[in-house]
Amino acid sequence: MRYSAFRLFLEGLQGQSGWKPVWRDAAPQASYDYVIVGGGGHGLATAHYLAKVYKKARIAVLEKGWIGGGNVGRNTTIIRSNYLLDGNEPLYEFSLKLWEGLEQDLNYNAMVSQRGILNLCHSDVQRDAYRRRGNAMILNGADAELLDQDQVREMAPFLDFENARFPIKGGLLQRRGGTVRHDAVAWGYARSADSHGVDIIQNCEVTGFRIENGAIRGLETGRGYIGTKKIGVAVAGSSSRVMAMAGLRLPIESHVLQAFVSEGLKPLIPGVITFGAGHFYISQSDKGGLVFGGDIDGYNSYAQRGNLPVVVDVLEGGMALMPMIGRARLLRMWGGIMDMSMDGSPVIDRTPIDGLYFNGGWCYGGFKATPASGYAFAHLLATDMPHETATQLRLDRFRTGALIDEKGAGAQPNLH
Ligand SMILES: Cc1cc2nc3c(=O)[nH]c(=O)nc-3n(C[C@H](O)[C@H](O)[C@H](O)COP(=O)(O)OP(=O)(O)OC[C@H]3O[C@@H](n4cnc5c(N)ncnc54)[C@H](O)[C@@H]3O)c2cc1C
């Protein structure tokens, strides 16, 4: 069923009786050509591009819970491509371009809103670093503008510009950045993948891999054995646990990241704003809630809920940046499991096991990467070659030392 204004009008006349389920409730088949493990944003996007762009068939997505129950439905919805390094920026810029055409591609309203992202700087040194980052972005085909204090003041007069410890000196603005309705991304990709023949199988946990002579033969699931020769794993915060079933140890840790939403307020925050002197970022949802977050909790965990010290840290960041936030009431908060890699950058690569492919280590940046990650992973699965935007996202970089350490922070997950 194609969605359109005409269809909306027609359904209004017919008492909304004609809408169909957005995807089929598929039962697992005995075998598939491609199995994607993980029905989050990355797994569903992979299935969509594998079927639509690479014209592959007999594809299944296996999800242990329900579509949208993982980080794809838990994040703070920010999209941007303001990265510094050549290993990262081309993929994130490719992603932003795919976001720009996503709703037409999927025929689904994902509420892509390019309302801009502003990274604030609080010292001359930080301004220089942002100038360098902005130039790197422009060289990779992205947009970037360096704003002085007056220009920032015009955009966001409510910020605390004269804070004695963190005075605001200016900011790096990417106008094409913004927000996207996160769970609509999962539903949109699921709907499109399904319409291209992909079986989306929920409540189907992968519990083991069958490997013979170093090659994949199939997988064990809570709903029985499924034969296949190609498996793409995209399970985000569960990466280490799932890949351990294939005997692989990853340079990835799992941590909790929390998100917060205030009561609905009148329009206030013009786009996405990030604090440069601490870890705090904020935007305003279309319903009016202030949506914000900060650092990971900083200890290994598979719990989808966080602890108080980080709540205090995030709120301190908010108060330092915009003291008026102290008058807003917090409505909801939750946690998601983050797959933090040791250089802060992701992996899209083959593994030493023939037919087993891995996509993970997305850290804070996985939502914005969803379209390009899915595209590049589909490319790898279909052609056995890395996509041109993902050639450096290799698993062996942790052995060879070719790290993609955006922040220069070393192997310390909470600093990436
Ligand atoms: C609070 C929070 C805020 C964030 N904010 C942003 C942001 O603003 N911008 C941004 O770019 N990124 C953000 N992120 C990061 C981003 O959400 C993630 O990096 C990204 O969503 C991960 O990819 P995914 O969507 O595929 O993950 P998920 O949606 O978590 O998908 C993985 C799926 O794998 C399934 N799975 C796990 N194990 C198995 C198994 N054994 N068998 C079958 N299925 C399995 C899980 O159930 C899950 O549904 C945020 C994350 C959190 C938690």
| With respect to the numbered conditions (1) touching a Phe, Trp or Tyr at 6+ places or on another chain (Cβ under 6 Å); (2) of a type outside the set (Val, Ile, Thr); (3) open to solvent by 20 Å² or more (accessible area, probe 1.4 Å); (4) more than 11 Å from the ligand (Cβ to nearest atom), which one is the sole condition not fulfilled by LEU85? | (1)
| query | For the stretch 49-152, which fully contained helices (runs of 4 or more DSSP H) count at least 1 residues that are under 30 Å from ILE168 (Cα atoms) and either of a type in the set (Ser, Thr, Tyr) or in the same structural domain as ILE201 (by TED's automatic domain parsing) (or both)? | reply | 89-100, 124-139
| note | In the stretch 247-301, anything over 30 Å from GLU212 (Cα atoms), out of contact with any Gly (no Cβ under 7 Å at 6 or more places or on another chain), part of a loop (DSSP other than H, G, I, E, B) and within 15 Å of the ligand (Cβ to nearest atom) is listed as ILE269, SER285, SER301
| task | Report whether or not ILE59 is among the β-branched types (Val, Ile, Thr) and under 19 Å from TYR357 (Cα atoms). | result | yes
| query | Do we find a residue being over 21 Å from the mean Cα position of the chain (by Cα), under 11 Å from ALA193 (Cβ atoms), more than 13 Å from the ligand (Cβ to nearest atom) and open to solvent by 70 Å² or more (accessible area, probe 1.4 Å) anywhere in the stretch 20-32? | reply | yes
| task | Would you check if there is a residue in the stretch 174-190 being on the phi > 0 side of the Ramachandran plot, more than 12 Å from the ligand (Cβ to nearest atom) and either among the hydrophobic types (A, V, I, L, M, F, W, C) or outside any helix (DSSP H, G or I) (or both)? | result | no
| Leading residue by the ranking (farthest from TYR302 (Cα to Cα)) among those in the stretch 335-347 that are in contact with a strand residue (DSSP E or B) (Cβ under 6 Å, 6 or more places away or on another chain) and open to solvent by 10 Å² or more (accessible area, probe 1.4 Å) | MET338
| message | So, in the stretch 39-51, exactly how many residues are within 12 Å of the ligand (Cβ to nearest atom) and open to solvent by less than 10 Å² (accessible area, probe 1.4 Å)? | response | 7
| Does MET155 meet the test of being more than 14 Å from the ligand (Cβ to nearest atom), touching a Pro at 6+ places or on another chain (Cβ under 8 Å) and of a type in the set (A, V, I, L, M)? | yes
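Table: residues versus (1) outside any helix (DSSP H, G or I); (2) over 20 Å from the mean Cα position of the chain (by Cα); (3) more than 15 Å from the ligand (Cβ to nearest atom).
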position	(1), (2), (3)
GLU316	no, yes, yes
GLY336	yes, no, no
PHE358	yes, no, no
PRO371	no, no, no
PHE377	no, no, no
HIS387	yes, no, yes
GLN392	yes, no, yes
ILE404	yes, no, yes
LYS407	yes, no, yes
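The values are calculated or read from the model by the stated rules, or taken from the named source; none is laboratory data. None of the values given here were measured: they were computed from a predicted structure. All Cβ positions, even for glycine, are placed from backbone atoms using ideal geometry, and neighbour counts span all protein chains on display. Please note that ligands, DNA and RNA were not included when accessible areas were found on the heavy atoms of the full protein model with its side chains. Shrake-Rupley method; radii C 1.70, N 1.55, O 1.52, S 1.80 Å.
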